[in-house]
């Protein structure tokens, strides 16, 4: 049985190529985390999308069975809240400082409004 060192290339086939290293790390990808609140806002925006799809699916299912369902305005409000939360989260991911903080806060407010008016009240 032969090992990996038994079949080394011989002669002209051996070429060594050095891999270029980044100069000062400027071209290396950033590994900075975005922060707990930004990630939580992203999870809430995704949750609103899931709720919007759930309410839309229930409305379609109920309409097919002849039952009133949650209602068109409830579906529209869920979809609008989900779209607005995703757009705000996108802005929060692309900005820094107070602008990102305001966008994150608005995602929290939108989630609270949607849950309060359509699920708890």
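Bear in mind these aren't lab numbers, they're just calculated from the coordinates by the rules spelled out. Model, not experiment: these values are computed from the prediction. Here Cβ is always computed from backbone atoms with ideal geometry, including for glycine, and neighbour counts include all displayed protein chains.
Please compute, for the alpha-carbon atoms of the range 39-79, the extent along each of the three principal axes and give them in descending order in Å.
For the range 39-79, the Cα spread along each principal axis is 40, 15, 8 Å.
How far apart, in nanometres, would the label points at residue 94 and residue 73 be if each is projected 7 angstrom from Cα along the Cα-to-Cβ direction?
Simple spin-label model gives 3.3 nm for this pair.
Calculate the all-directions average of the projected area of the range 36-120's alpha-carbon convex hull, and give it in nm². Before the final figure, lay out each step's value.
Details: hull surface 21.2 nm².
Approximately 5.3 nm², given one-decimal rounding.
For a quick check: sort 36, 108 by the number of other beta carbons within 10 angstrom, fewest at the front.
Ordered from fewest to most neighbouring Cβ atoms within 10 Å, 36, 108 come out as 36, 108.
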